[in-house]
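Reviewing the structure listed below.
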């Protein structure tokens, strides 16, 4: 099976391409580095020729509200048009749990716009919404740095390992289109600040971590329903302590 991974050189994309190749598929890592730009459309037709499945895991280079919205709208429209022309049988997109529950988060709104374009196209699709990745906990902590402390929300959090995200995407991509959305999350749920504190401790960072229910997440307020699955979800196999042991 030929599977083209848009954003195939990034964190998730590179893991997904490797996994698919190990399974015997023809996995193509498509990104601007390889001459494929979904935003401009450059190289798309050639990359998608003969493809059975396209998996979009591309990330926007800018999270400025107008720029991130333009990125996901333009790239998604170009992708579904190119897929239709190439008779691609399955479009898989990686999105975020809770996209519709954080109206103050520009990135979430852009991902929601991406989902809408995918659903309205004629290409069979599967949307995989994931919680935040373990790999980003350090960067998230740095955003909360204040006067020698780390101040972050205390809302419920259920992050997942990037390896587990790639594993789920590989399973979905090689299966029948869902024509729907699934949620995936880590195996453990706890207050946001607890995950951040454990991540910092593992790296020897002694800054105290404070959980504040009013602390923003990427500029917007969150609560216990914002970032975790509210219904059925597929759970990753990797607990935080296992992932931390690999640092």
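Taking region 232-246 as the search range and keeping residues that are out of contact with any helix residue (DSSP H, G or I) (no Cβ under 9 Å at 6 or more places or on another chain) and in a loop (DSSP other than H, G, I, E, B), which one is surrounded by the most Cβ atoms within 10 Å (Cβ to Cβ)?
Ranking the candidates gives 233 first.
Output the number of residues of region 208-221 satisfying the condition of being surrounded by 13 or more Cβ atoms within 10 Å (Cβ to Cβ) and in contact with a strand residue (DSSP E or B) (Cβ under 9 Å, 6 or more places away or on another chain). So that I can check it myself, show each step before the final result.
To start, the set of residues in region 208-221 that are surrounded by 13 or more Cβ atoms within 10 Å (Cβ to Cβ) comprises 209-213, 215-221.
When the remaining residues are screened for being in contact with a strand residue (DSSP E or B) (Cβ under 9 Å, 6 or more places away or on another chain), the result is 209-212, 215, 217.
Total meeting the criteria: 6.
Suppose we filter 136, 157 for residues that are under 13 Å from residue 195 (Cα atoms) and without any contact (Cβ under 8 Å) to a residue 40 or more places away in the chain; which single one remains?
On the way: 157 fails: without any contact (Cβ under 8 Å) to a residue 40 or more places away in the chain.
Of 136, 157, the one residue that is under 13 Å from residue 195 (Cα atoms) and without any contact (Cβ under 8 Å) to a residue 40 or more places away in the chain is 136.
Could you check how many residues of region 171-189 are crowded, with 16+ Cβ neighbours inside 10 Å and either free of Cβ contacts under 8 Å to residues at least 24 places away in the same chain or outside any loop (DSSP other than H, G, I, E, B) (or both)? Even if it seems obvious, please write down each step before you answer.
Taking region 171-189 as the starting set, the residues that turn out to be crowded, with 16+ Cβ neighbours inside 10 Å are 172-174, 177, 181-186, 188-189.
Checking which are either free of Cβ contacts under 8 Å to residues at least 24 places away in the same chain or outside any loop (DSSP other than H, G, I, E, B) (or both) leaves us with 172-173, 181-185.
Number satisfying all stated conditions: 7.
Just checking: which of the strands (runs of 3 or more DSSP E) contained wholly in region 5-122 hold 3 or more residues that are within 24 Å of residue 181 (Cβ to Cβ) and modelled with pLDDT of 95 or more?
Counting at least 3 such residues, we get 53-56, 90-96.
I'd like to check something: does region 71-88 contain any residue that is closer than 30 Å to residue 201 by Cβ and crowded, with 20+ Cβ neighbours inside 10 Å?
no
Test each condition in (1) part of a loop (DSSP other than H, G, I, E, B); (2) over 18 Å from the mean Cα position of the chain (by Cα); (3) under 26 Å from residue 14 (Cα atoms) for residue 229 and report the one that comes out false.
(2)
Restricted to region 153-170, and to residues that are touching a strand residue (DSSP E or B) at 6+ places or on another chain (Cβ under 9 Å) and surrounded by fewer than 23 Cβ atoms within 10 Å (Cβ to Cβ), which residue is nearest to residue 13 (Cα to Cα)?
Filtering first and then ranking leaves 162.
Can you tell me which of 86, 67 is under 22 Å from the mean Cα position of the chain (by Cα) and over 24 Å from residue 185 (Cβ atoms)?
67
The values are calculated or read from the model by the stated rules, or taken from the named source; none is laboratory data. All of these numbers come straight from a predicted model, not from anything done at the bench. FYI the Cβ positions are ideal-geometry reconstructions off the backbone, even for glycines, and counts take in every protein chain you see.
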